[in-house]
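A.B. asks: Please find one structure pasted underneath; my questions will follow.
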Amino acid sequence: MIDLEKRKYDEHCEKIISSILDEHFYTEPGITLFERVTNKQLQINGIDTLFSLNGQNYTVDEKAAVRWVGLKTFALELSFLGRNDQVRNGWLLDKKKVNNYFVFVWINKLNHKIIQDVSSINNIDVALVSKEKILNHLSSLGWTIEKLHEKDFQIRNDNNANMGDIEKNGCKFSYSKQLKEQPINILLPKETYIKLAEIYKNIKLNYATHI
């Protein structure tokens, strides 16, 4: 696939995931005033959905690992190359992103080799996690925002930078040089997100063709 085809496929998958979340996740008890955001600028600022829960307002950026089935981690973006190959802050560290929560989605099982429509998806895990809790957890591992910026710079400029060991350190870094944007991420185990989650739900979609 060329980049444009990949982008179209990702957008196609994200719409399908969104429809599943709208029906099976955002209908959880206590969630009220739910709204899926269509304003492009708000989406750019990191807001996909808005809702209220227990008197608190939630602004949510949805992150779905649509290209990996059975993933046991999730990558948090620290930086990437933007226009003119300028290094830009990734969505975890970008202060322009105003969301206070993330919804992370893992695909556990597909009915087809690729996601064709809703019926392609058999089972997913969903976790609603506070951005603040993620940053606090990273800080507890020794990775404050300042340290993350320093490590990001080191990785991008040192081919021998230590990427860490997720088993020993509770996290690890990745540098995807093969991609046009060359993102640098920090990965946490799936179980960490679930422990930090305000709402965690496994959604079985054996009946997905009826959605």
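A.B. asks: Go over the candidates Gln43, Gln56 one by one and state the one that is surrounded by fewer than 15 Cβ atoms within 10 Å (Cβ to Cβ) and more than 19 Å from the chain's Cα centre (by Cα).
C.D. replies: Gln56 is the lone residue from the list that is surrounded by fewer than 15 Cβ atoms within 10 Å (Cβ to Cβ) and more than 19 Å from the chain's Cα centre (by Cα).
This table checks each residue for (1) touching a residue at least 12 places away in the same chain (Cβ under 8 Å); (2) surrounded by 15 or more Cβ atoms within 10 Å (Cβ to Cβ); (3) in a helix (DSSP H, G or I); (4) touching a helix residue (DSSP H, G or I) at 6+ places or on another chain (Cβ under 9 Å).
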site	(1), (2), (3), (4)
Ile115	yes, yes, no, yes
Ile134	yes, yes, yes, yes
Gly142	no, no, no, yes
Glu146	no, no, yes, no
Lys177	no, no, no, no
Ile203	yes, yes, no, yes
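A.B. asks: Would a scan of the range 96-106 turn up a residue that is open to solvent by less than 20 Å² (accessible area, probe 1.4 Å), part of a loop (DSSP other than H, G, I, E, B) and within 22 Å of Tyr200 (Cβ to Cβ)?
C.D. replies: Yes.
A.B. asks: Exactly one of (1) assigned to a strand (DSSP E or B); (2) within 17 Å of the chain's Cα centre (by Cα); (3) free of Cβ contacts under 8 Å to residues at least 60 places away in the same chain is unmet by Ile124. Its number?
C.D. replies: That leaves (3) as the condition not met.
A.B. asks: A follow-up question, please. Among the residues of the range 62-95, write down those that are small (Gly, Ala, Ser) and surrounded by fewer than 16 Cβ atoms within 10 Å (Cβ to Cβ).
C.D. replies: Gly70, Gly82
A.B. asks: What are the residues in the range 152-175 that are touching a Phe, Trp or Tyr at 6+ places or on another chain (Cβ under 9 Å) and open to solvent by less than 20 Å² (accessible area, probe 1.4 Å), if any?
C.D. replies: Looking only at the range 152-175, we keep the residues that are touching a Phe, Trp or Tyr at 6+ places or on another chain (Cβ under 9 Å), and these are 152, 155-156, 161-164, 171.
Those that are touching a Phe, Trp or Tyr at 6+ places or on another chain (Cβ under 9 Å) and open to solvent by less than 20 Å² (accessible area, probe 1.4 Å): Asp152, Ile155, Ala161, Cys171.
A.B. asks: Let me spell it out: the conditions are (1) closer than 30 Å to Arg156 by Cα; (2) touching a residue at least 12 places away in the same chain (Cβ under 8 Å), and Gln86 meets all of them except one. Which number is the exception?
C.D. replies: Failed condition: (2).
A.B. asks: Asn84 is checked against (1) within 20 Å of the chain's Cα centre (by Cα); (2) of a type outside the set (A, V, I, L, M, F, W, C); (3) part of a helix (DSSP H, G or I); (4) modelled with pLDDT under 95 and fails just one. What number does that condition carry?
C.D. replies: (1)
A.B. asks: Now a separate question. Please go through the range 106-121 and give me each residue that is of a type in the set (A, V, I, L, M) and touching a Lys or Arg at 6+ places or on another chain (Cβ under 7 Å), ordered by number.
C.D. replies: none
A.B. asks: Give the residues of the range 163-179 that are over 19 Å from the mean Cα position of the chain (by Cα) and within 20 Å of Gln86 (Cα to Cα), sorted by residue number.
C.D. replies: If the condition is that a residue be over 19 Å from the mean Cα position of the chain (by Cα) and within 20 Å of Gln86 (Cα to Cα), then Lys177, Gln178 are the ones that fit.
A.B. asks: A further question on this structure: Out of the range 9-27, which residues are under 13 Å from Asp48 (Cβ atoms), of a type outside the set (S, T, N, Q) and within 15 Å of the chain's Cα centre (by Cα)?
C.D. replies: Within the range 9-27, Glu11, Glu14, Lys15, Ile17, Leu21 meet the criteria.
The values are calculated or read from the model by the stated rules, or taken from the named source; none is laboratory data. Only a predicted model underlies this, so the values are computations on that prediction, with no experimental measurement involved. Cβ sites come from the backbone with ideal geometry, for glycine too, and all protein chains shown count toward neighbours. When the accessible area is computed, the model is the full protein with side chains, heavy atoms only, and any ligands, DNA or RNA have been set aside. Shrake-Rupley method; radii C 1.70, N 1.55, O 1.52, S 1.80 Å.
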